[in-house]
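Shown next, in structure tokens, is the structure this report addresses.
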Amino acid sequence: MVFLVLCAVFALSTSRLHAASTSTAIDPFRITIPADHGYLGDIHATSEPGAPVIIHIQETHANYDTQQHLVAILEYLIQRYGVRLILVEGGDGDVSLSYFRDYGSLEQRKRAAEKYLRAGILSAEEYLDITSDYPLILWGVEDRQLYQRNWQTLQEAEPLRESFQPFLTQVRQAATQLKPRLLSAASKELDEAREAFDRDEMGLTAYTGLLWRLAKQQPLDMAAYDEVARFVTISEQEQRLNLSEVQQEQQTLVQRLQQAADSDTRTAVVDPSTRAPASLDEARDRLAGGPRSGFRPTGVQEGATGLPVGLHKANAVKAGTAPQVEFYEVVVDLATRQGLALEDYPHLTDYVAYLHASKQIRPAALSDQLEQLATALRTASSGGSPESRQLTKLLEELTLIERLVKIELSPDEYQRVRRLPAPGLLCGWGQFLEKQLRLQNLDVPTFAACGALEAQVPQVARFYETASLRDQALVTQAMSKLQESGERLAVLITGGFHSPEIMRLLRERGLGVVAVTPKVDQPSDPAVYQAVLKYKQGLMSLDQVMALTHPSATSGGSGR
């Protein structure tokens, strides 16, 4: 389906929005990104006049698809807002690769850089530094000693991960045997849903809907989960939408508006290469990348209404810098001014209402409330039996330890691990499982390894401890470079684990902050990420890394 928009011939020449001056005050809520490549998250504006703004990009390391999306996001920020300063983790000081611009033609550099981007050796910002002529400042904001200590703790944890696996598998199998005998029906449904959600076998909408349904069966304070309630309501709206009817009504309304338009504007219907969303999920994906309400494109005076605003909105949608809702807002406004009855377009008006509601979703708050709701449900639905409650608690603790050992914890999960009863945790699992398996006349394995493994848990957790220490250093170094450079707008790129604490620290320092997450089309390969880390520490050759992502080719040299 083709997404039709009003567009005037004279407006096409002004469709590219001018870069914002970084010498003036910047409103974080007016920062946009290409909707096809990522999502806007939390946004914080400061009351301090002229305070700098940091666009904090939460990336997935050594993931080729994500890095491609990040290249597009960075290029857009550079062109639209004049961004020059890009602050990065994993290095300290000047980490620019622009000197490679002197070697080979642009096409040769692109081919070479593409190869190393795919392998995870190059990051998105490094790729741009090599393959463009943008005046970038790539600056590492690590404390070198802390970074090396964090790397060392990761290396120390790696052999321990293998030693934990047999024990954790044994515990998981024993607990799975007991679930149908000890857990209530609601607890089993909740546990199975959580496992499916963690394995990406259940989508967010289905998982949230199930939690909400189970929650309404328990005496919980539902008011504490307002963001979950909002998401469920929007999902229900989504199910009632008929996109084909929306598309038909949209085309009819636009045609009527064109007929009513002043002929002096020489309006025309054009195909802006922006198709209607193929699915409701895609509509939400696009929406998540758009600006907040109140966005006014460069070149449209404050107070302007009608066709000029519509033209600029159309061009913004075409460029992927504004969500569909902003175009629909203008269409509805124009229809009202022309005296057209909106009740003649019920599917379209329902769709606009749905898009408006979707804009109010706060992803970080939704994630936090889902975790809190799942925890409350585990407690409430575990049943009256002490054995059922203990098994529910064991399963929750087991999932945390499994993620700890795999180095997959989120910051919130790490804090929950820290609150676990360290002495006797694993052996307590073994004792409980052995007793219950005997009572149920099931085979009883031995959990003798629990004592030795318990002593190793703090050693694995040290990786997260040093990673948390790096957060403070990353922000301190970023602030120092921002002040030294005089830039009013900069990008800070880190992995997702660091993001919540970094966002908090930046807000405390009085900066405006915009959180951005590039899309992730394919899951990361942990082996590639580990190989890249080892290569950068001189522990693996370039050929070995390239072999993981380019099995049929080698780098042509031994590498370093």
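Computed from the coordinates by the stated procedures, all read-outs in this text should not be read as laboratory data. Bear in mind that the values here come from a model prediction, so they are computed numbers and not experimental data. So basically every Cβ, Gly included, is an ideal-geometry build from the backbone, and we count neighbours across all protein chains shown.
Overview of results
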quantity: ³J(HN,Hα), Karplus 6.51/-1.76/1.60, whole Hz, each residue of region 327-341, x for Gly, Pro; calculated: 5, 4, 4, 5, 4, 4, 4, 5, 4, 5, 5, 8, x, 7, 7
quantity: Point-to-point label distance, residue 361-residue 226, nm (Cα→Cβ direction, 7 Å offset); calculated: 1.9
quantity: GluC sites (Glu not before Pro) within region 165-228: DSSP coil, no more than 13 neighbouring Cβ in 10 Å; calculated: 201
quantity: Residues listed by number, region 121-162, amide nitrogen under 15 Å from residue 525 label point at 7 Å toward C-beta; calculated: 121-122
quantity: Cross-link reach list, lysines versus residue 110, counting only Cα pairs under 26 Å and skipping chain neighbours closer than eight places; calculated: 519, 534, 536
quantity: Neighbour cut-off at most 10 other Cβ (10 Å), DSSP loop, chymotrypsin sites (Phe, Trp or Tyr not before Pro), region 86-186; calculated: 103
quantity: In region 355-406, the trypsin sites (Lys or Arg not before Pro) that fall in loop regions by DSSP, at most 16 other Cβ within 10 Å; calculated: 406
quantity: Full-stretch length increase - residue 438, residue 144 - with 0.36 nm per residue and alpha-carbon distance subtracted; calculated: 100.5 nm
quantity: Estimated FRET transfer efficiency (residue 336, residue 218; beta-carbon r; R0 45 Å; 0.05); calculated: 0.50
quantity: Restraint check, 188/359; 393/435; 179/393, Cα-Cα greater than 22 Å; calculated: 188/359
quantity: Placed amide H near residue 38: partners under 5 Å, 5+ positions off or other chain; calculated: 519
quantity: Residues residue 537 and residue 371, FRET efficiency given R0 of 35 Å [Cβ-Cβ distance, rounded to 0.05]; calculated: 0.55
quantity: Separation in nanometres of the label points that stand 7 Å from Cα toward Cβ, at residue 485 and residue 255; calculated: 5.2
quantity: Order of 427, 450 - criterion: other Cβ atoms within 10 Å of each residue's Cβ, fewest first; calculated: 427, 450
quantity: Residue-span extension gain [residue 390 to residue 27] - 0.36 nm each, minus C-alpha spacing; calculated: 125.7 nm
quantity: Within region 478-511, backbone nitrogen closer than 20 Å to the virtual label 7 Å beyond the Cα of residue 161 toward Cβ; calculated: 495-499
quantity: Potential extension, residue 184-residue 410 segment - 0.36 nm per residue separation minus Cα distance; calculated: 78.5 nm
